[in-house]
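Below are the structure tokens for one structure; questions will follow.
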Amino acid sequence: MRVRPASPDRSATPHLRDYGDLMTTASARVAVAAPNDLSASAGTRLAAEGGNAIDAALAAVLVTMVSEPGLVSLASGGYLTIQPPDGSAPVTIDGWVDMPGRGLPAERFGRAVWDVRTPYGGDTTMTVGHGSVATPGTLKAVERAHQRFGRVPWAQVLAPAIAAARDGFPLNQASHAYLEYVHLEIFGWQPESYAVLHDADGTLVPRGSTVRVPDLAASLQQIAVEGSDAFYTGDIAKLMADDLEAHGGILTLDDLAAYEVAERPALTVRQGGWQLATNPGPAMGGVCMSALLAMCDGRPARGSWSPDELAHLVRSQHAVFGIGINRHDDEDARLGLARELLNRSLGSASTAHVSTVDDDGGACAVTVSAGYGSGVLSPGTGIWLNNCLGEQELVLNGVHALQPGTRLNSNMAPTVGRRERDGAALAIGSPGSDRIVTAVAQVLALHLNGGLDLAAAIAHPRVHVRVRDGQDPPVRIDHEADLRLPAGLSDELGLPTRSMDTHAMYFGGVGAAQWEPGGGLTAAGDPRRTGSVAVTGSNQAHST
């Protein structure tokens, strides 16, 4: 039987530091862009309780992992890029998933998985089931960020997520829109998962209805007391591993116990008078975003894209993705191609995202993903498990092809920035699979080079050069209907085009927050994916 945790005892849990002295200092003011109102409000709540931008981001992303079923969960992977308020160098904390299966015999691999094909995302095939679960890293990365940069106690950071799990949360637009495609194929085959998301007649619960996930609040309470150890070596770890073993999965207690986060200097690029910092290799997202942004240096020169600038943007995307960095599972190969791509460009460089800044100049951008979801709601934990081994656009040689312990590839590009002339701070990122890179780069170019404000830059129509091996056609130009491509561009590049709905969720869901010494705090969300923004001192979070 699982033991329910008591109240936190700091004397017995050394990772819960005593912040008594820090709590007497004035609270930072923060701006938050998050996927929903609960998440955004959690960020401003932490600031009001004495936290900084990092505390706000951690609280917001923990609530997001509770309240975005189908899109993300506690058993996710992710990256945090942090700009410390003291002006020290930005860092990226890598909590991305890795390949499980340490010590297992060969016959255990290749089982307990099957493919699901869905029109979601413009026709996507994904691999699901117990065998699609990769080793998750987000909780360890969140804990590391708190230990390094947080200002309020760990249990306080968890409190909003515990409340959301205990009281229930509304099923929001983005989750509901995704689940409409896959609620039966992915989240309907396991009884525990089916029961949470479906009414008695078997239909998906309506948008806005209250969702309660059994055992999730208890798991979060245990993590608040024991730290991430509860998830990686404790009761929660054993419950997850035992169920996976019973159903043919390859994620084991050894994999969970061996998982380690990596902290790296962030990859930096200058643009429009700002020094930007993003996710470095071996992940591809930040590298490609930096390269694409550098290729567009100074463009657009004013406001929106001119026809020539738009043609340059499309050619640049084609050049970045055509190098093949997204076609390598091997970390060393990706790093080699990353160096080649950055030398070339800088010499001439199912997902959720939270962005926060504070008025001390601190900034935090967090992007997390559970893939498309394995369909497994781990019994006794309330935690939906990822299918990151089954994201076929990232795991290219088969669901179990990698060596155990290998970090998977990622498109994530959580980015922070500091303006050189006055120290203004920026945090930005997006969900969107292989559209993350192009979404973030276009918004940054429009804001920093073109001079559009954050909201206008995010709402501006987008274009994406899609490169997916094994799909027909493998390369094409996708664009929103209200973005007119220059005449002859498709013929010049030899690529077909596809016009899609204006403000289609396919093109990402950028969230950004900014602080300026003379202009205060602002935050903006993406109309393509209903999100929420909040600023300290305003009455409440509001959806965009």
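Suppose we filter the range 301-318 for residues that are under 15 Å from PRO461 (Cβ atoms) and part of a loop (DSSP other than H, G, I, E, B); how many remain?
The total comes to 4.
Would you mind stating whether ALA445 is over 18 Å from VAL314 (Cα atoms), crowded, with 20+ Cβ neighbours inside 10 Å and of a type in the set (A, V, I, L, M)?
Criteria not met by ALA445.
Examine the range 410-418 for a residue that is buried (at least 22 other Cβ atoms within 10 Å of the Cβ), under 14 Å from GLN83 (Cα atoms) and among the polar types (S, T, N, Q), and state whether such a residue exists. First the steps, then the outcome.
Pass one, the range 410-418, residues buried (at least 22 other Cβ atoms within 10 Å of the Cβ): 410-417.
Cutting the leftovers down to under 14 Å from GLN83 (Cα atoms) gives us 414-417.
After this cut, where a residue has to be among the polar types (S, T, N, Q) as well, the list is 415.
Scanning the range 410-418 turns up at least one residue that is buried (at least 22 other Cβ atoms within 10 Å of the Cβ), under 14 Å from GLN83 (Cα atoms) and among the polar types (S, T, N, Q).
Out of the range 262-320, which residues are polar (S, T, N, Q) and under 18 Å from the mean Cα position of the chain (by Cα)?
Let us first name the residues in the range 262-320 that are polar (S, T, N, Q), namely 268, 271, 275, 278-279, 290, 304, 306, 316-317.
Residues satisfying the conditions are THR278, ASN279, SER290.
For a quick check of your reading: which helices (runs of 4 or more DSSP H) sit entirely within the range 75-191 and have at least 3 residues that are within 17 Å of the chain's Cα centre (by Cα)?
Details: elements: 138-149, 154-167, 173-182.
It comes to 138-149, 173-182.
May I ask you to list the residues in the range 293-314 that are surrounded by 15 or more Cβ atoms within 10 Å (Cβ to Cβ), under 20 Å from LEU493 (Cα atoms) and of a type in the set (D, E, K, R)?
GLU309
Can I ask one more? Report whether or not GLY518 is in contact with a Gly (Cβ under 9 Å, 6 or more places away or on another chain), assigned to a loop (DSSP other than H, G, I, E, B) and not polar (S, T, N, Q).
Working: in contact with a Gly (Cβ under 9 Å, 6 or more places away or on another chain): no; assigned to a loop (DSSP other than H, G, I, E, B): yes; not polar (S, T, N, Q): yes.
Spelling it out, it is not the case that GLY518 is in contact with a Gly (Cβ under 9 Å, 6 or more places away or on another chain), assigned to a loop (DSSP other than H, G, I, E, B) and not polar (S, T, N, Q).
To keep it simple, each residue is scored yes or no on (1) surrounded by 18 or more Cβ atoms within 10 Å (Cβ to Cβ); (2) modelled with pLDDT of 90 or more.
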| position | (1), (2) |
| --- | --- |
| ARG264 | no, yes |
| TRP274 | yes, yes |
| GLY324 | no, no |
| LEU342 | yes, no |
| GLY347 | no, no |
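Run ASP472 past the list (1) touching a Phe, Trp or Tyr at 6+ places or on another chain (Cβ under 6 Å); (2) under 22 Å from HIS318 (Cα atoms) and report the number of the one that doesn't hold.
Result: ASP472 fails condition (1) only.
Among the listed residues VAL152, VAL128, VAL142, which satisfies the condition of being assigned by TED's automatic domain parsing to the domain that holds LEU71 and over 22 Å from ARG407 (Cα atoms)?
Working: VAL128 fails: over 22 Å from ARG407 (Cα atoms); VAL142 fails: over 22 Å from ARG407 (Cα atoms).
So the residue among VAL152, VAL128, VAL142 that is assigned by TED's automatic domain parsing to the domain that holds LEU71 and over 22 Å from ARG407 (Cα atoms) is VAL152.
Which residue, of MET505, MET500, is of a type in the set (A, V, I, L, M), within 20 Å of PRO414 (Cα to Cα), in the same structural domain as ALA455 (by TED's automatic domain parsing) and surrounded by 14 or more Cβ atoms within 10 Å (Cβ to Cβ)?
Criteria check complete, one pass: MET505.
The values are calculated or read from the model by the stated rules, or taken from the named source; none is laboratory data. Small disclaimer: the values here were computed from a predicted structure and weren't measured. Neighbour counts are summed over all protein chains in view; Cβ atoms, including those assigned to glycine, are modelled from backbone coordinates with ideal geometry.
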